[in-house]
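Before any comments, here is the structure.
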Amino acid sequence: MTASTDPDPNSVSQAATSEAPSSASDARVSDRDDDITLQSRWDNQPPTNTDEAAVEPYELPPLMQTSQGISVESTEGWERLRRPEIMERLTQFQFGRTPTAPIVVNYNVLERGVESLGGKARRTQARIEFPAEDDLRIRVLVLTPADADGPVPAMLHLSFMPAIMNLDEPGIDEDLAWSGELEAQVPDREAFKLSPFEIERFIDRGYGVVLVYYGDIYPDFDHGNAEGVTRLFGGDGNPRTREEWGGIGAWAWGLSRVMDYLENDPDIDAERVALSGISRLGKSVLWASAQDKRFALTVPWLSGEGGAALSRRNYGETIADLTNPERYHYWFAPRYQEFAFNVDALPVDAHMLLAMLAPRPTLLITGSEDTWSDPMGEWLALKAAQPAWELYGRSVPEETELPAPDQPIISDLAYVMHDGGHTTKPIDYEVILDFMDTHLK
Ligand code: GCU
C-alpha cells in the first residue's frame, strides 16, 4: 500500500531561492498578477535533496528555554511557561488557530453491539452531527472484541478511506466520500483506494478499533474549508486570514470531537485511547495530540515534513514543497507559507511539535526508503524532543545513531524505521501492538 495520495511526490521540485521572502500570505489575498508572481517563486527549482552529504548545518530553536531566556528545568516550568509558548507559535506560524466558539453537537448512535468480523467483534456505529450545518456528519465505526467484558482500550485511526473500504460487511454506514481530484462527492466505494487498516490484529490482541474517515471532517483540496467542519466557523472558500486554520487543524479538531463521543461510549475506555494516522494524517494526529491531552498514546506514521521531520534539515520534502500554491498550502495556516524560502526564520520546528506530546507514550514510524519524508529528520527531531520526556522521568532512546531498518528503539518515546518506503508494513503493526501492550494494558 502506498499511503500517499500524491501520484509522484518526488516529481515535485524543491524550492530554493536566496531572496528574502515577501509576505506570501499577503500575496495570496491580492490580485491575479501577484498570484502569478508568487507562483513563479516555486517554478524551476533544483531537485529535492536526498544526499546526506549535501545537508547544510542548521540550528534548532531551543526547546527548554523561554523567549525571555529563562531555562526550563522542571515540569512546572514546562507546563506553565514553555509549553504554552510553543503551542502559541505552532498555532500562529504552522497550523493556524483552532476555533473555540461553542457549537451544538449531537451523537446519533445508529446501532450498538452488532455482530461483526464473523463473530469475533461487536460493532457500533454513530454519526457526529452538527445541527447548524445539517449535511455535515462525521461517521464513527467502533469495533470491540466480542468477548470483552467491560470497556476496552482502543486504537482510533484516522483513515484515508470511508469505513466500507476498510471493512466491507453488510450494515456499514455507507454514504458519500470526497474525491480530491474531482473536488466533488462520490459514492464511498469510489474514494481513493489504499490497503485497508488491519483491524483484526487489534481485535485479536483485545483492543477496540475506532475508524474515522478524514473526508467526513475536511475534504482534501484547496478551498475545502467551504465544505468541511470549517464551515461551522465561517470557512467559505475565500482566501484565509494569515493565522486561520487549514486541513490539518480541521482533521485534528474532528479527532477531538470523536474523542468526545468515545467518552460517552460504554464499550471504550476513553482514558486508554491511542491515536494513529498515516502521512498527512500522521501530521494531523501529531497536532491533535499536541492540543488534546486525552489521547493517551500517539503513533504518527510516515508524517514527514510539517509533521515529525525537522524542517530546517534540507533533505526530502521542504516547507516550500508543502506550501506550493499548487500543492498543500491549504493544510496549514497561510502564514506557514511565509517560511517557504526562509525556514531558519520559522519560530518552531518538528522537535517542538513532538515535545507537546510529552510525557505521553509516542511512537514514530518511518521507512528506510521514504526519502521524501526524511526518516533521519524524524529521528533527529525525536532526539531533540527527548528532554521533554526526561523532565517527567520517562524513558528515551539512549542511542544517538539512526537505528537500522526493522530495529525498533522502544522507550516511552519510541522509533521504528521499517525496511521500505512510504507504505505500511507488518512490522509497524507488531511494534504498535507491543507498544500499546506496554502502556495501555
Ligand atoms: C505528499 C506530501 C506529503 C504527505 C503525503 C501524504 O507526498 O508531499 O507531505 O505526507 O503526500 O499524505 O501521503
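Quick one: which residue in 256, 289, 284 is surrounded by fewer than 19 Cβ atoms within 10 Å (Cβ to Cβ), in contact (Cβ under 8 Å) with a residue 12 or more places away in the chain and polar (S, T, N, Q)?
Numbers: 289 fails: surrounded by fewer than 19 Cβ atoms within 10 Å (Cβ to Cβ); 284 fails: surrounded by fewer than 19 Cβ atoms within 10 Å (Cβ to Cβ).
So the residue among 256, 289, 284 that is surrounded by fewer than 19 Cβ atoms within 10 Å (Cβ to Cβ), in contact (Cβ under 8 Å) with a residue 12 or more places away in the chain and polar (S, T, N, Q) is 256.
Which one is nearest to the chain's Cα centre (by Cα) among residues in region 338-352 that are over 20 Å from residue 417 (Cα atoms) and not in a loop (DSSP other than H, G, I, E, B)? Lay out the reasoning, then the answer.
At the first step, the residues of region 338-352 found to be over 20 Å from residue 417 (Cα atoms) are 338-349, 352.
Applying the additional criterion that residues be not in a loop (DSSP other than H, G, I, E, B) yields 338-339, 343-345, 352.
Details: 338: 21, 339: 20, 343: 21, 344: 23, 345: 23, 352: 15 Å.
Here the answer is 352.
Under 19 Å from residue 48 (Cβ atoms), touching a helix residue (DSSP H, G or I) at 6+ places or on another chain (Cβ under 8 Å) and away from the ligand (no atom under 16 Å from the Cβ) - does that describe any residue in region 326-339?
Scanning region 326-339 turns up no residue that is under 19 Å from residue 48 (Cβ atoms), touching a helix residue (DSSP H, G or I) at 6+ places or on another chain (Cβ under 8 Å) and away from the ligand (no atom under 16 Å from the Cβ).
The rows are residues; the columns are (1) β-branched (Val, Ile, Thr); (2) within 16 Å of the ligand (Cβ to nearest atom); (3) under 18 Å from residue 432 (Cα atoms); (4) modelled with pLDDT under 95.
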| position | (1), (2), (3), (4) |
| --- | --- |
| 209 | yes, no, yes, no |
| 244 | no, no, no, no |
| 249 | no, yes, no, no |
| 274 | no, no, yes, no |
| 281 | no, yes, yes, no |
| 318 | yes, yes, no, no |
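Name the one entry in 286, 322, 302 that is within 14 Å of the ligand (Cβ to nearest atom), under 17 Å from the mean Cα position of the chain (by Cα) and at positive phi. Can you show your working first?
On the way: 286 fails: at positive phi; 322 fails: at positive phi.
302 is the lone residue from the list that is within 14 Å of the ligand (Cβ to nearest atom), under 17 Å from the mean Cα position of the chain (by Cα) and at positive phi.
I need a count of the residues in region 97-133 that are within 23 Å of residue 168 (Cβ to Cβ) and either basic (Lys, Arg) or part of a loop (DSSP other than H, G, I, E, B) (or both).
5
Report yes if some residue within region 268-281 is assigned to a helix (DSSP H, G or I) and surrounded by 24 or more Cβ atoms within 10 Å (Cβ to Cβ); otherwise report no.
In the first step, residues of region 268-281 are kept if they are assigned to a helix (DSSP H, G or I); the result is 280-281.
Filter again for surrounded by 24 or more Cβ atoms within 10 Å (Cβ to Cβ), leaving 280-281.
The answer is yes, given that some residue of region 268-281 is assigned to a helix (DSSP H, G or I) and surrounded by 24 or more Cβ atoms within 10 Å (Cβ to Cβ).
Which residues, counting only those in region 360-369, are under 23 Å from residue 436 (Cβ atoms) and either at pLDDT below 95 or outside any strand (DSSP E or B) (or both)? Before you say what the answer is, go through the steps one by one.
Pass one, region 360-369, residues under 23 Å from residue 436 (Cβ atoms): 360-367.
Those that are under 23 Å from residue 436 (Cβ atoms) and either at pLDDT below 95 or outside any strand (DSSP E or B) (or both): 360, 361.
Consider residue 186 carefully, then state whether it is more than 23 Å from the chain's Cα centre (by Cα) and of a type in the set (A, V, I, L, M).
Working: more than 23 Å from the chain's Cα centre (by Cα): yes; of a type in the set (A, V, I, L, M): yes.
Yes, satisfied.
Only one residue in 204, 236 is out of contact with any Gly (no Cβ under 9 Å at 6 or more places or on another chain), free of Cβ contacts under 8 Å to residues at least 12 places away in the same chain and not hydrophobic (A, V, I, L, M, F, W, C), so which one is that? Before the answer, list the steps.
Working: 204 fails: free of Cβ contacts under 8 Å to residues at least 12 places away in the same chain.
From the options 204, 236, the qualifying one is 236.
The values are calculated or read from the model by the stated rules, or taken from the named source; none is laboratory data. Predicted, not measured: the structure shown is a model, and the values here were computed from it. Note: ideal-geometry Cβ built from the backbone for every residue, glycine included; neighbour counts use all protein chains shown.
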